[in-house]
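First the structure, in the form of structure tokens, and then the observations on it.
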Amino acid sequence: MLPESHVVTISRFLVDQERSHPDATGNFTDLLTDIALAAKIIGREVNKAGLVDILGRVGAENVHGEEQQKLDVFANEVIYKAMDHTGLLACMASEESEGFMAIPDKFPAGDYVLLFDPLDGSSNIDVNVSIGTIFSIHDKISEGERGTLEDCLQAGSQQVAAGYILYGSSTMLVYTTGAGVHGFTLDPSIGEFILSHPDMRIPDPPVKVYSVNEAYYDRWSRGQKNLVNHLKTEAGFGSRYIGSMVADVHRTLLTGGLFMYPSDALNPRGKLRLLYEAAPLGMILEQAGGRASHGSGPLLDVVPEELHQRTPVYIGSAELVDMAEGYLRSDSEI
Ligand code: P6P
């Protein structure tokens, strides 16, 4: 007997969502479908990374006679090649590519802009820790037929959609179009993403967990130090830190809590990137009822000045992000 919930693939879910937008062209449905395809291909390689490494020791080349690629370079190429010919995108930008990525002249261009981190946390692959792909989608705003850098440098509040794929104990795709957050789990036996987490909401009250790399404690501002000292003493919080942003933020979405990557004396803008890490994950958490801040205001309000711009990140339960801003405000009041 099937459970009450029905078997809904991401394709079926996208078509149903499209039906609720009478003016929809189907282009967004096609775009997410292509992203899901790229995710399956990347996940297949990520899930056999150890084996590939062993195979790689037999010869410096893979079975196709190609130079063994690093997985993040592979993931970057998979996404680019899955998207470049579709006629859906005006341009792309990637963590792996210095400049913005034009659509080849031989292919038609479209009206969406895709920003992505193809494989965030790839240093964790060798120790079998969960890693992720992050994507951010904007509308093209420039006048010309094909996209420009201007189309990539939009505030997070302008995103039309955002999402991530988490390659963990299972492969999950989580996305929002500004109408709630929906999670899909890959059933590898049939190669389909199945709706497993409809309308995700960050729990309230949250579990008492904060997530930050405390190795940098001595480089933090006084306010940052006071915040973490408060959380771990009076507030009785526990600490969880995976060191893979998608995994840390996904846990925060599911349990509540506070994920932080602060600025510090050596990194005045922090480490994480605004366009294709903080802004998309920030949209997801805000759509789920949480908050995203750069420490002194809404993260999604920041208008980027360059593609790989870094930003401090405070993402999670609204009350905890508010608390963080309160402690950090004391830094500017000194
Ligand atoms: P640190 C992974 O390298 C990454 O880009 C994010 O996924 C993660 O949140 C962060 O860096 C971890 O950085 O300095 O704590 O090792």
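Some points to look at:
- Screening ALA90 on (1) touching a residue at least 60 places away in the same chain (Cβ under 8 Å); (2) under 18 Å from ILE134 (Cβ atoms) shows it passes everything except condition (2).
- Scan of segment 108-134 for residues that are assigned to a strand (DSSP E or B) and within 15 Å of the ligand (Cβ to nearest atom), ordered by number: PHE116, ASP117, PRO118, LEU119, ASP120, ILE131, GLY132, THR133, ILE134
- When segment 233-256 is limited to residues that are within 17 Å of LEU274 (Cα to Cα) and in contact (Cβ under 8 Å) with a residue 60 or more places away in the chain, the one that is farthest from the ligand (Cβ to nearest atom) turns out to be VAL249.
- Given (1) away from the ligand (no atom under 15 Å from the Cβ); (2) buried (at least 20 other Cβ atoms within 10 Å of the Cβ); (3) hydrophobic (A, V, I, L, M, F, W, C), number of the condition LEU285 does not satisfy: (1)
- Exclusive hit being outside the structural domain of ASP72 (by TED's automatic domain parsing) and of a type outside the set (Val, Ile, Thr), set PRO188, PRO118, PRO203: PRO203
- Count - residues of segment 135-148 that are part of a loop (DSSP other than H, G, I, E, B) and either outside the structural domain of LYS81 (by TED's automatic domain parsing) or under 21 Å from the mean Cα position of the chain (by Cα) (or both): 1
- ASP151 meets all of the listed conditions (1) closer than 22 Å to ILE79 by Cβ; (2) among the charged types (D, E, K, R); (3) outside the structural domain of ALA102 (by TED's automatic domain parsing) but one, namely (3).
- Single condition PHE193 does not satisfy, out of (1) modelled with pLDDT of 95 or more; (2) farther than 28 Å from VAL46 by Cβ; (3) away from the ligand (no atom under 16 Å from the Cβ): (2)
- Checked against the criterion of being within 16 Å of the ligand (Cβ to nearest atom) and of a type in the set (Ser, Thr, Tyr), segment 257-264 contains one or more residues that satisfy it.
- Selection from segment 233-251 of residues that are crowded, with 22+ Cβ neighbours inside 10 Å and either in contact with a helix residue (DSSP H, G or I) (Cβ under 7 Å, 6 or more places away or on another chain) or within 18 Å of SER123 (Cα to Cα) (or both): SER244, MET245, VAL246, ALA247, ASP248, VAL249
- Residue in segment 93-101 that is in contact with a helix residue (DSSP H, G or I) (Cβ under 6 Å, 6 or more places away or on another chain), more than 16 Å from the ligand (Cβ to nearest atom) and at pLDDT 95 or above present: yes
Residues are listed down the side, and each one gets a yes or a no for (1) surrounded by fewer than 18 Cβ atoms within 10 Å (Cβ to Cβ); (2) within 12 Å of the ligand (Cβ to nearest atom):
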| site | (1), (2) |
| --- | --- |
| SER211 | no, yes |
| ARG219 | yes, yes |
| GLY223 | no, no |
| LEU231 | no, no |
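- For GLY290, the requirement of being within 17 Å of the chain's Cα centre (by Cα) and within 14 Å of the ligand (Cβ to nearest atom) is not met.
- Here the condition is being in the same structural domain as GLY132 (by TED's automatic domain parsing), touching a strand residue (DSSP E or B) at 6+ places or on another chain (Cβ under 9 Å), surrounded by fewer than 17 Cβ atoms within 10 Å (Cβ to Cβ) and not acidic (Asp, Glu); of GLY87, GLY99, it holds for GLY99 alone.
The values are calculated or read from the model by the stated rules, or taken from the named source; none is laboratory data. All values derive from a computational prediction rather than experimental measurement. So basically every Cβ, Gly included, is an ideal-geometry build from the backbone, and we count neighbours across all protein chains shown.
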